[in-house]
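Structure first, commentary second.
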Amino acid sequence: MTQSHRPLQCEQHFDALRQWLDMEGEAERQRLDERRKVQSSSDAERRGETLLDLEIRTHSTGLGGRYLLTLQKRRKPDKLPWHRFKVGSPVLLSPESDNSESVIQGVVSDRNVDSLDVAVEKWPTGQRFRLDLSPDEITRKRQIAAMKIAENAAGRLGQLRDILLYDRVPVFESPMEMPSSESLNDSQQQAVEFALTAQDIAIIHGPPGTGKTTTVVELIRQTVAGGERVLACAPSNTAVDNLLERLVNAGEPAVRLGHPARVLEVVRNHTLDALVEKHDAWPLIQEMQREAEQLSRKARRYTRGRPAPGQKHQQRQEARDLRKHARMMERQAVNEIIAGARVICATVSFDFSILEEHVFDLLVIDEACQSVEPGCWVPLKYANRIVLAGDHCQLPPTILSKEAARAGFAVSLMQRLAAHYGDHITRQLTVQYRMHEQIMQFSSDMFYDGRLTAHDTVRQHTLNDLPTVNVAHDSPVVFIDTAGAGWNEELEPEGLSKLNPNEGRLVLDQISELCEAGVSPSDIAVIAPYAAQVRWLRQHSVYDRLEIDTVDGFQGREKEAVVMCTVRSNSKGEVGFLSDSRRMNVALTRARRKLIVIGDSATLCADEFFRNLLAWFEETGKYKTVWETTTDTDPV
């Protein structure tokens, strides 16, 4: 289809996506500028996107000649403050004493309680450093380029584009029955069989704990068994690594594309870099690179005697020729590895130019709802068919630009297609393997039409089933109402985030009760909707292994017990972004055996979602007031 014959809807759709990308880029740049203008350590670090007063504790070289720096706090080396830096996050490293040109781009390769590992291409100058999350302009440009190609595409990419923009109806083959797998339940089996019949696109909808990744792995295995190749993607490096690890454990070797520093160590042996180093040609490539470096040093070296005419020029030319030949051999090794791979794994916005000559029978995008739509267009040109897997009833993509989010940028490709095509292209998984059935029930009724069932292995499991645990009144769910206690929310000093210290003390009392009953702190999570409350709780908690984070930090995670505080308590009935029901769905479905929710019903009931939630707690008899708790917290 030529540009002049494109449907107007196509042009308008991509124009809107480009506009939203520009708005998001501007929001990221403004946030970075604001962070770098703040001088106070406590203010700069409040949002979790900056760390100050860092020093290089240790360093090593490797991963393609990059420096790996271990950064920790200079004055408080035992613990980092709460932050949003994750493995794979693009960052800017700069000396604190100089805000000018001494900024180095890097990538977080590992995170610990007391330190961050950052991979950089060159050694930083200075003694004390700051680290900032970086706007990802390269990814944005890659997405814009991919959409331009799709907008003007003919052939298979043009057909897929038309389906994704509703100009063509997805086609399915007659149902095919595959061999029954003991590792799949009926809904998983049906989802795999359905996805295998899709000639264009299918969606696997996986609510919390329903084994979505298990299903995706089996789909990939069945596709490969049929002699086809698969490109398996996800929005984040962590999600890609999780998928890769599951594939490898299932006996399906795969090749991981991407910066080695962004890849978890457990799967690093499957990266393209690591596989090239195992190639038969690698020793020769290394030898040629060493010889080229020696020749370059000779050409640069000063000597007392005058060198023969043209000698240094010849040495430099020989070094260039050696490097050129080494690169050629390296490219040949890369091509052989990729050509022989049945499964390639990468993030959706990876630079796929290395795959230019390859077409994959199936593109699988796991956790598709966590990617903005432009991200999903990047790998599309390499695929004949698409399967999107995720849950549009959980967290949407993270959007900084509120204006872009309101306009539609927060609607993922999967959510948009599921809303338009419905059951024609979608199969939902219905058996969950995480939660006690009472913890599951509200979300099942509210988000999944009551279709979820708890597997026998988890249906009635409680904390008291764990070794050495003896919890009195071991109810799987409970709501503790603080209405009337006068525990009003507060605005963090000089900040925009909210906290509720009284509620925080009750949270920590509940944690202490669980730990005294034998529950390990590492099996407990505290979820708070506001970063200020997270900081307050971390500051006052006595348990090092207790995880305390925002809702976003626990997406895809689970713990034996979860204590969730809602923070909001005011006379106006304002709940802020607690009104995002998808975010609350995530928070309510992280617990396996025990869920405790704490909040002010008088405030929360102003929101319809919380009215329904509180009514459910009351109906199930799992509701009590703060005065009924056995803690020492004294309501005022």
Legend entry - Compactness index (Cα Rg / 2.2 N^0.38 Å), the range 209-304: 1.59
Inset, instruction - Figure the gain on full extension for Glu26 and Gln460 (residue separation times 0.36 nm, minus the Cα-Cα span) and round it to one decimal in nm. - result: 151.3 nm
Legend entry - Mean Cβ count within 10 Å, highest first, over the residues of peptides 138-151, 517-530: 517-530, 138-151
Legend entry - Loop-located trypsin sites (Lys or Arg not before Pro) in the range 526-623, at most 15 other Cβ atoms within 10 Å (DSSP): Arg545, Arg557, Lys572
Legend entry - 13 Å Cα-Cα reach of Lys298 towards aspartates and glutamates, excluding residues that sit fewer than 8 places from it in its own chain: Glu318
Inset, instruction - Using a 1.4 Å probe and counting only protein heavy atoms, arrange Thr61, Thr629 so the residue with the most accessible area comes first. - result: Thr61, Thr629
Legend entry - Total charge dipole magnitude, the chain, about the Cα centre, Cβ charges on Lys, Arg, Asp, Glu only, Debye to nearest 20: 2980
Legend entry - Proximal lysines to Lys624, defined as alpha-carbon separation beneath 29 angstrom and excluding residues fewer than eight positions away on the same chain: Lys498, Lys559, Lys572, Lys594
Inset, instruction - Any chance you could check the Cα centroid distance between the range 329-400 and the range 461-504 for me, in angstrom? - result: 41
Inset, instruction - Run the accessible area of the range 384-512 with a 1.4 Å probe and give the carbon-and-sulfur part as a rounded percent. - result: 48
Inset, instruction - Sort the range 428-529 into rounded, prolate or oblate with this rule: let a ≥ b ≥ c be the square roots of the eigenvalues of the Cα gyration tensor; rounded if a/c is under 1.5, and if a/c is not under 1.5, prolate when a/b is larger than b/c, oblate otherwise. - result: oblate
Legend entry - Thr620-Asp43 FRET efficiency (beta carbon distance; Förster radius 51 Å; 0.05 resolution): 0.70
Inset, instruction - Report, in deg cm²/dmol and to the nearest 500, the calculated mean residue ellipticity at 222 nm for the chain, where each DSSP H run with n ≥ 4 adds -39500 (n - 2.57) and the sum is divided by the residue count. - result: -11500 deg cm²/dmol
Inset, instruction - Would you kindly work out the equivalent ellipsoid of the range 314-453 from its C-alpha gyration tensor and give its semi-axes, the square roots of five times the eigenvalues, largest first in whole Å? - result: 43, 18, 15
Legend entry - Residue (of Ala191, Leu69, Ile598) at the positive-pole extreme of the chain, dipole from beta-carbon charges: Leu69
Inset, instruction - For each pair in Lys86/Lys148; Lys141/Lys381; Lys86/Lys402, compute the distance between the two Cα atoms and list the pairs where it is over 20 Å. - result: Lys86/Lys148; Lys86/Lys402
Inset, instruction - Classify the range 458-595 as rounded, prolate or oblate, taking a ≥ b ≥ c as the square roots of the eigenvalues of its Cα gyration tensor: rounded when a/c is under 1.5, otherwise prolate if a/b is larger than b/c and oblate if not. - result: prolate
Legend entry - Reachable aspartates and glutamates from Lys278, criterion Cα separation under 20 angstrom, eight or more residues apart if same chain: Glu245, Glu252, Glu265, Glu287, Glu330, Glu336
Legend entry - Relative packing of 377-386, 407-416, which averages over residues the other C-beta atoms within 10 Å, highest first: 377-386, 407-416
Inset, instruction - Would you kindly state how much longer the chain becomes between Glu608 and Ser174 on full extension, computed as 0.36 nm times their sequence separation minus their alpha carbon distance, in nm to one decimal? - result: 151.9 nm
Inset, instruction - Please calculate how many Å² of accessible area the chain carries per residue, with a 1.4 Å probe and no DNA, RNA or ligand atoms counted. - result: 45
Inset, instruction - Return the distance in nm (one decimal) between the two label points of a simple spin-label model at Lys572 and Arg557, each offset 7 Å from Cα along Cα→Cβ. - result: 3.1
Inset, instruction - Would you mind telling me the antiparallel percentage of the DSSP bridges in the chain, rounded to 5? - result: 40
Inset, instruction - Between Arg290 and Arg128, with labels modelled 7 Å along Cα→Cβ, what's the label distance in nm to one decimal, could you check? - result: 4.3
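The values are calculated or read from the model by the stated rules, or taken from the named source; none is laboratory data. From a predicted model like this one, the values you see are computed outputs, not experimental measurements. Note that each Cβ is placed from the backbone with ideal geometry, even for glycine, and that neighbours are counted across all protein chains shown. Only protein heavy atoms, including side chains, enter the accessible area calculation; ligands, DNA and RNA are left aside. Shrake-Rupley method; radii C 1.70, N 1.55, O 1.52, S 1.80 Å.
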